[in-house]
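The values are calculated or read from the model by the stated rules, or taken from the named source; none is laboratory data. Quick caveat: nothing in here was measured; it's all calculated off a predicted structure. Note: ideal-geometry Cβ built from the backbone for every residue, glycine included; neighbour counts use all protein chains shown. Surface areas here come from the heavy atoms of the whole protein model, side chains and all, with no ligands, DNA or RNA. Shrake-Rupley method; radii C 1.70, N 1.55, O 1.52, S 1.80 Å.
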Amino acid sequence: VALGPCGLLSLASRLLRQLVVYDVPGMPLVRVGAAPRRVERGSATRYFGDGGYVMVSPRGCDVCYSYGVSQEVSFDAELVTQHGLRLVRQFDMTLGGAYTPPLPQFTFYDEGLGASRDAAARLDTLESHVRRFGELDVRKVLQCDVEGAEWEALWACPGAVLDSFDHLVIEFHGLDELASMGFHAALLEKLNVHFVVVHVHVNNHGLDVDADAAAQKFTEVLGTLVPRTLEVSYLSRRLVPDAASVARAAKAFPTPLDYPNVHAPDVMLNVWPWALPAAAQT
């Protein structure tokens, strides 16, 4: 169905409203993985801050389901070494045997995340994985960076399975795609039934430092700037001590806990709905 200007603007607003960040008293944020460090331009070090996320402390969780491993596993490692998780289940079907888990607490599966089981493509669902390991009632973290497959996979996941996770850390790709924006908004609404958004960060991968950052990392929809890729951290509503005390976050993004994904300036989220009021910026 073709949308007119008013419909497009309404759709963009509906999408972004689901990504408003909230402060949860008594649940401070921590950075997990890819700690800030000095990396010179031209260094052989591939990663800068990529692979690290800001979230409510995961201490008390037992297992992480980590989708999209690549070769950067500092987030998974710190869950074990600094936050007490017993096990990280790592899933990635794109590595072609080139990955060896560096810690004994890591278990690797040559599988990806999908909306349905596809043995030929080596894909399975989040529900299937959780039930395969008998961990519906285990306290869990979900980390998901699967290059766009997250939308269909999470939409297919039953609410009871989503609700079994304490934390979600998801990199959403293609937020700005007009043809999928209604579906994306619906999926974010589904997540917000079970979770509270506690942090967001724009991935600056591929940023040309000599060009306008907003033009590279946002798409304008009738005056509303929509980020193309966004890291979003969620906290289960089950863990919120006092729902009445949860308030819209009044801070600038990125925060002091954030770090650029690659060696380029971080991207400011000084657009609606994250921009601070003008009075708060002075």
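Would you check which residues across region 192-238 are among the small types (Gly, Ala, Ser), open to solvent by 40 Å² or more (accessible area, probe 1.4 Å) and touching a helix residue (DSSP H, G or I) at 6+ places or on another chain (Cβ under 8 Å) and list them?
206, 223
Which one of 146, 169 is under 12 Å from the mean Cα position of the chain (by Cα) and assigned to a strand (DSSP E or B)?
Just one listed residue meets the conditions, 169.
Can you pull out every residue in region 58-72 that is over 15 Å from the mean Cα position of the chain (by Cα) and of a type outside the set (D, E, K, R)?
Hits for region 58-72 are 60, 61, 63, 70, 71.
Residue 244 passes all but one of (1) modelled with pLDDT of 95 or more; (2) touching a strand residue (DSSP E or B) at 6+ places or on another chain (Cβ under 9 Å); (3) not in a strand (DSSP E or B); which number fails?
For residue 244, the failing item is (2).
Please go through region 43-79 and give me each residue that is in a loop (DSSP other than H, G, I, E, B), at pLDDT 95 or above and surrounded by fewer than 19 Cβ atoms within 10 Å (Cβ to Cβ), ordered by number.
Hits for region 43-79 are 57, 60, 62.
Any residue at all in region 148-162 that's modelled with pLDDT under 95, over 21 Å from residue 111 (Cα atoms), among the small types (Gly, Ala, Ser) and open to solvent by 30 Å² or more (accessible area, probe 1.4 Å)?
no
Working only within region 88-105, note down all residues that are touching a Cys at 6+ places or on another chain (Cβ under 8 Å) and either in contact (Cβ under 8 Å) with a residue 40 or more places away in the chain or not in a strand (DSSP E or B) (or both).
Selection gives 89 alone.
Quick one: residue 261 ticks every box in (1) within 23 Å of residue 143 (Cα to Cα); (2) open to solvent by less than 30 Å² (accessible area, probe 1.4 Å); (3) touching a strand residue (DSSP E or B) at 6+ places or on another chain (Cβ under 8 Å) bar one, so which box is it?
(3)
Which condition number does residue 189 fail, the rest of (1) farther than 19 Å from residue 16 by Cβ; (2) open to solvent by 20 Å² or more (accessible area, probe 1.4 Å); (3) among the acidic types (Asp, Glu) being met?
Every listed condition holds for residue 189 apart from (1).
In this structure, does residue 85 turn out to be farther than 23 Å from residue 155 by Cα, in contact with a helix residue (DSSP H, G or I) (Cβ under 6 Å, 6 or more places away or on another chain) and not in a helix (DSSP H, G or I)? Quick ask: steps written out before the conclusion?
Numbers: farther than 23 Å from residue 155 by Cα: yes; in contact with a helix residue (DSSP H, G or I) (Cβ under 6 Å, 6 or more places away or on another chain): yes; not in a helix (DSSP H, G or I): yes.
So residue 85 fits the description; yes.
Just checking, does region 240-251 include any residue being acidic (Asp, Glu), in contact (Cβ under 8 Å) with a residue 12 or more places away in the chain and out of contact with any His (no Cβ under 8 Å at 6 or more places or on another chain)?
Yes: one or more hits.
Considering every residue within region 176-199, establish whether at least one is touching a Pro at 6+ places or on another chain (Cβ under 6 Å) and not β-branched (Val, Ile, Thr).
no
Which one is least open to solvent (accessible area, probe 1.4 Å), of the residues in region 103-118 that are within 16 Å of residue 85 (Cα to Cα) and more than 23 Å from the chain's Cα centre (by Cα)?
Out of the qualifying residues, it is 103.
Enumerate the pairs (first residue in region 143-163 and more than 18 Å from residue 184 (Cβ to Cβ); second residue anywhere and part of a loop (DSSP other than H, G, I, E, B) and open to solvent by less than 40 Å² (accessible area, probe 1.4 Å)) with beta-carbon separation below 9 Å, excluding pairs fewer than 6 apart on the same chain, so at least 6 apart or on different chains.
Qualifying pairs under 9 Å: 143/68; 161/125.
Scanning region 119-143 for residues that are open to solvent by less than 30 Å² (accessible area, probe 1.4 Å) and assigned to a loop (DSSP other than H, G, I, E, B), which turns out nearest to residue 99 (Cα to Cα)?
Of everything passing the filter in region 119-143, 125 is nearest to residue 99 (Cα to Cα).
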